[in-house]
1. Placing unit charges on C-beta atoms (Lys and Arg positive, Asp and Glu negative, everything else neutral), compute the dipole magnitude of the range 1-145 about its Cα centre in debye, rounded to 20.
2. Please give the FRET efficiency for Q67 paired with D25, using the beta carbon to beta carbon distance and R0 = 25 Å, rounded to the nearest 0.05.
3. With labels modelled as points extended 7 Å from the Cα through the Cβ direction, what inter-label distance (nm, one decimal) is found for A53 paired with S187?
4. Tell me, in nm to one decimal, what length is gained between D171 and A77 on full extension, where the rule is 0.36 nm per residue of separation less the Cα-Cα distance?
5. At most 13 other Cβ atoms within 10 Å and a DSSP loop assignment: could you name the trypsin sites (Lys or Arg not before Pro) in the range 1-87 that fit?
6. May I ask for the angle, rounded to the nearest 10°, between helix 45-55 and the longest principal axis of the chain, with both axes built from Cα atoms and the value confined to 0 to 90°?
7. With an 8 Å Cα cut-off and a minimum separation of 6 or more residues, compute the relative contact order for the range 36-110 in percent.
8. Can you give me the convex hull volume of the Cα atoms of the chain, divided per residue and expressed in Å³?
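Every number here is computed from the coordinates shown, using simple stated rules; none is lab data. The structure presented is a predicted model; accordingly, all values stated were derived computationally and were not measured. Quick reminder, even Gly has a Cβ in these numbers, built from the backbone with ideal geometry, and neighbours come from all protein chains shown.
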Amino acid sequence: MPDTCARSALARFAGGDSLACWSGDAIGIRELPFAAIVRVQALDDACGAAAGAAIGVALPGPGTLVQDDGRSVAWVAPCEWLVFLEPSAEPALLAALAAAGAGVFATPIGDARTGIAVEGARAAEVLARGTGLDLHPSVFPEGRVTNTRLAQLAVMLARAPGMPGFHVWVDRSAGAWLWQWLLDAASEFAPAAHDH
């Protein structure tokens, strides 16, 4: 049987074993390290409470994201959340959710997503070229998350607590296309930017 190894969807934009990274004046775009992502669904409020207890985080309400103990939990739809955590912690979480009851469902989807951080003073301006969302901090503050379209792609866009910018999660198959789109959008604001 051939050996398998994880390979980033953005590997061709990175140097060696590093993650893809691009920067310029007041803008930085970088690939997020691989994270386990578990989709959690609950049949009703009682099942949602059981899922939250298994995760160890009170599940957030619509449009919000919370972080605790190395985990981020994002609301994505009624009775549905995404949990982001270290890959090594995924088996224990899946086991805890399996024991939470018949109305709780957990699906690992980390291999299907690519995460990109867009940071710096011009981050919102770059993203605004591809979305109609108002990303001003008074409208889209820390702890906010939404499913939207960016550059005609379905993405999850988040501003995590204490995060100096935005995280964009997209289907792995579209990761390279979105990366190139972001570089093109950022080049208007940072023409002297360079690859790392």
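1. Details: 9 positive and 16 negative charges, 63 e Å.
It works out to roughly 300 debye.
2. 0.25
3. The two pseudo-label positions are separated by 5.5 nm.
4. Between D171 and A77, full extension yields an extra 32.1 nm.
5. Details: sites: R7, R12, R30, R39, R71; in loops: R7.
Of the trypsin sites (Lys or Arg not before Pro), the ones in loops of the range 1-87 whose Cβ has at most 13 other Cβ atoms within 10 Å are R7.
6. That works out to roughly 70 degrees.
7. Reported as a whole number, the value is 45 percent.
8. Values: hull volume 25.1 nm³, N = 196.
Convex hull of Cα atoms, per residue: 128 Å³.
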